[in-house]
Amino acid sequence: MHTTTADVQSGILEALAHPNRIRIVEMLRQGPRCNCEIAPELGLEQSNLSRHLKILVQAGILHSWKDGLRVIFKVADSRIFKLLDLVTVLARHDVQKRLETLQITSTNRN
């Protein structure tokens with residue numbers, strides 16, 4: 001099977017297409033963390049967290065390694081934060097446009 005750039009891009013975006021996975025990556029912006037630290041901070045059950053971490057590792061977004069009994073996770077390539085920052089800018093712009101539309105609609109009704 002031939003893997004294209006679009007296939008890889010799609011895999012990365014698909015892996016990030018869940019709020020909890022974005023929260024995990026954002027948490028790792030500060031540096032590597034043990035899964036035992038991530039679960040309570042994000043309020044996730046360990047089984048739920050494990051599923052999300054597995055998806056992020058399989059997509060190549062995170063790396064993991066064992067440190068004794070602990071499993072440590074870190075972002076594989078810090079450029080992922082540029083992607084998340086850009087998505088944040090786009091989301092804020094979209095929210096601003098929606099608010100402006102609501103204000104215009106509200107003004108026209110009065």
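The values are calculated or read from the model by the stated rules, or taken from the named source; none is laboratory data. Only a predicted model underlies this, so the values are computations on that prediction, with no experimental measurement involved. Every residue, glycine among them, receives a Cβ derived from its backbone with ideal geometry; neighbour counts consider all protein chains shown.
Brief remarks on what is shown
- The stretch 76-110, residues that are part of a helix (DSSP H, G or I) and basic (Lys, Arg): Lys82, Arg92, Lys97, Arg98, Arg109
- Matching residues in the stretch 14-36 - criterion: being modelled with pLDDT under 95 and surrounded by fewer than 16 Cβ atoms within 10 Å (Cβ to Cβ): Cys36
- Residues satisfying the stated conditions in the stretch 15-43, i.e. among the charged types (D, E, K, R) and not in a helix (DSSP H, G or I): Arg33
- Meets criteria (acidic (Asp, Glu) and surrounded by 10 or more Cβ atoms within 10 Å (Cβ to Cβ)) for Glu45: no
- Residue count for the stretch 66-88 satisfying the condition of being surrounded by fewer than 10 Cβ atoms within 10 Å (Cβ to Cβ) and among the aliphatic types (A, V, I, L, M): 1.
- Members of the stretch 44-71 that are without any contact (Cβ under 8 Å) to a residue 24 or more places away in the chain and in a helix (DSSP H, G or I): Gln46, Ser47, Ser50, Arg51, Lys54, Val57
- For Ala6, the stated conditions hold: it is in a helix (DSSP H, G or I) and free of Cβ contacts under 8 Å to residues at least 12 places away in the same chain.
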